[in-house]
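A short reminder: the numbers here are calculations on the coordinates, not readings from a lab. Just so we're clear, the structure is a prediction, and the values are computed from it rather than from any experiment.
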Amino acid sequence: MESRFLGIDELTDIPAVAVVVDVTRAFTVAAWAFARGAEKIVLAESLDEALALTSGHPDWIALKDGPPAPGFDAVNSPALLRSADLTGRTVVQKTTAGTVGALAVKEAPLVLCASFVVADATARLLRSRGCTDVTYVITGEQGRAEEDLACAQYIARRATGDGPTDPAPFLHRAATSRAATELAQGLRAGSHPDDLALCLDLDRFPFPLLATSEPPLLTLRPGPS
């Protein structure tokens, strides 16, 4: 399996398979939303689009990075979302990195969104589809986020199916990354003290996050377990 690890700005063509990685915190939050019963997640291009979508669908809920804001029902924190009842709901998500990365590759035939909490499920889907050429989109810090790169490299190793891979070095890199330090120190608005631990909770969920185009929207749903 050929694997590429690129930042959003480094994408020059439409990949055959794209795995968009955002560990802290977009796609950890997305997995938690499905665990709490959400039916689907719509990835918004902008905050204005997120608000427009929810204004047209009063039963949808909007989620964003940073502190609470008028019109938004939740923030991008897995710990703050883990007790929510989202049964049957549609979540509109807009973040500064993860959703941007997914939208950048929305034309790819297969788009998966990933973090450590769905790492094994993501690798299993890549194996089951017989994927031979995978582009991992590193969304944080202009493609240099160590937690995202560590997660992507871990998934790539697991996807080869060449035997067990020790997750400890990859989790350590993520735990000592700049983003992890900022979360641990409470420097990121809209965060919770438990967010970092939840972002590093390897394989908590058995499903991958599969993004599909439902024109004009890009929609995220849980894939097969």
MRE, 222 nm, helices only [DSSP H, n ≥ 4, -39500 (n - 2.57), over the chain, to nearest 500]: -9500 deg cm²/dmol
Whole-Hz couplings from phi, Karplus 6.51/-1.76/1.60, listed for the stretch 203-220; x for Gly and Pro: 6, 4, 10, x, 10, x, 10, 9, 9, 9, 7, 10, x, x, 10, 9, 10, 10
Note, ³J(HN,Hα) from phi for the stretch 61-67, Karplus 6.51, -1.76, 1.60, rounded to Hz, x at Gly and Pro: 10, 9, 9, 9, 5, x, x
Karplus (6.51, -1.76, 1.60) ³J(HN,Hα), θ = phi - 60°, over the stretch 142-155, in Hz, Gly and Pro reported as x: 6, x, 10, 5, 5, 5, 6, 5, 4, 5, 4, 5, 5, 4
